[in-house]
Amino acid sequence: MIDNKTLDKLVSELNKCVPVDQHLNKDGLCGLFYALAITPAIIEPADWMAELFYGERPALTGKQAKDLKKAVVAVVKSSNKLLLAGKLKFPFDFSALDDATLDRIWHWCYGFLQGLRLRLPFWQSGIIANETAQAVDVVRSSVNIFTALIEEDVTVLDNLDKLKAQLLAAGKEPSDELIFAGLLQTLPEAYECIRLFAANMSERLIAQRQAACA
């Protein structure tokens, strides 16, 4: 989990810029910076600062911009430190879910998905799936799990027919509600799939750069 103090400080600075409902909350920010950290290619702040404000970056005073930048840098450093240490894990325990935790998970997933969408062609590229002749790109499918849950749209799922068939085989009506409940439990696995793909691509980029410099 990204350092709480740095996240709290960022929330405090955002509160000074706009009303609370006009910027990501703490969990949404955490999800966004997870996505930014694992993305192999550097995403410049100009590309994602507006996401802190749900895509509508407000006009800021010089002091607001300076203080916000300082708080953002601290969060970026914290998330990158966790990434380098191999500790940027899915931050929720699913052993005991309550309404408050479900709400936190939704906000985290929202921020994470917004971060992924900044480089969506990369996440949907199917590089490894094509190389290994996979029938289904598990990375794309994992991204679609987040999309389905946030947009409340099961039609984006690559394996929708399979999920419905499994529910029917279990004697259950394949309603959207049951499908969403099943998807929720797959979030840790979906996140890990996305993270591992990103780590693999990052290693390839480093190897290519080293080869170019040799």
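The values are calculated or read from the model by the stated rules, or taken from the named source; none is laboratory data. Please read these numbers as outputs of a predicted model, since none were measured by experiment. All Cβ positions, even for glycine, are placed from backbone atoms using ideal geometry, and neighbour counts span all protein chains on display.
Here is a check on your reading of the model: is Leu178 in a helix (DSSP H, G or I), more than 20 Å from Leu32 (Cα to Cα), outside the structural domain of Tyr54 (by TED's automatic domain parsing) and of a type in the set (A, V, I, L, M, F, W, C)?
Working: in a helix (DSSP H, G or I): yes; more than 20 Å from Leu32 (Cα to Cα): yes; outside the structural domain of Tyr54 (by TED's automatic domain parsing): yes; of a type in the set (A, V, I, L, M, F, W, C): yes.
For Leu178, the condition - in a helix (DSSP H, G or I), more than 20 Å from Leu32 (Cα to Cα), outside the structural domain of Tyr54 (by TED's automatic domain parsing) and of a type in the set (A, V, I, L, M, F, W, C) - is met.
Just checking, how many residues over the range 47-87 are closer than 17 Å to Gly115 by Cα and either surrounded by fewer than 17 Cβ atoms within 10 Å (Cβ to Cβ) or without any contact (Cβ under 8 Å) to a residue 60 or more places away in the chain (or both)?
The number of residues fulfilling the criteria is 14.
Yes/no matrix, rows are residues, columns are (1) within 19 Å of Phe33 (Cα to Cα); (2) in the same structural domain as Leu7 (by TED's automatic domain parsing); (3) modelled with pLDDT of 95 or more; (4) among the basic types (Lys, Arg):
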residue: Leu68; (1), (2), (3), (4): yes, yes, yes, no
residue: Ser78; (1), (2), (3), (4): yes, yes, yes, no
residue: Asp99; (1), (2), (3), (4): no, yes, no, no
residue: Val143; (1), (2), (3), (4): yes, no, yes, no
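So if I check each of Ala211, Ala190, Ala148, which one is modelled with pLDDT under 95 and of a type in the set (A, V, I, L, M)?
Numbers: Ala190 fails: modelled with pLDDT under 95; Ala148 fails: modelled with pLDDT under 95.
The unique qualifying residue is Ala211.
Please find, among Phe122, Phe90, Phe94, Phe112, the residue that is surrounded by 16 or more Cβ atoms within 10 Å (Cβ to Cβ) and part of a loop (DSSP other than H, G, I, E, B). Break it down into steps so the answer makes sense when it comes.
Numbers: Phe122 fails: part of a loop (DSSP other than H, G, I, E, B); Phe94 fails: surrounded by 16 or more Cβ atoms within 10 Å (Cβ to Cβ); Phe112 fails: part of a loop (DSSP other than H, G, I, E, B).
The conditions single out Phe90.
Name the pairs whose Cβ atoms lie under 6 Å apart, with the first residue in the range 113-142 and touching a residue at least 60 places away in the same chain (Cβ under 8 Å), the second of a type in the set (Ser, Thr, Tyr), and 6 or more positions between them or separate chains?
Here the result reads Arg119/Thr39, each pair linking the range 113-142 to a residue that is of a type in the set (Ser, Thr, Tyr).
Among (1) part of a loop (DSSP other than H, G, I, E, B); (2) more than 30 Å from Gln208 (Cβ to Cβ), where does Ile43 come up short?
Here Ile43 meets the rest and fails (2).
Taking Ala41 as the residue in question, decide whether it is surrounded by fewer than 16 Cβ atoms within 10 Å (Cβ to Cβ), under 22 Å from Ala190 (Cα atoms) and at pLDDT below 95. First the steps, then the outcome.
Numbers: surrounded by fewer than 16 Cβ atoms within 10 Å (Cβ to Cβ): yes; under 22 Å from Ala190 (Cα atoms): yes; at pLDDT below 95: yes.
Yes; evaluated as a whole, the condition is true for this residue.
Here is a list of conditions, (1) within 23 Å of the chain's Cα centre (by Cα); (2) farther than 20 Å from Ile42 by Cα; (3) modelled with pLDDT under 95, and Glu203 meets all of them except one; can you say which number that is?
(2)
Which condition breaks for Lys81 when tested against (1) more than 21 Å from Lys5 (Cβ to Cβ); (2) among the basic types (Lys, Arg); (3) assigned to a helix (DSSP H, G or I)?
Lys81 satisfies all of (1) more than 21 Å from Lys5 (Cβ to Cβ); (2) among the basic types (Lys, Arg); (3) assigned to a helix (DSSP H, G or I) except (1).
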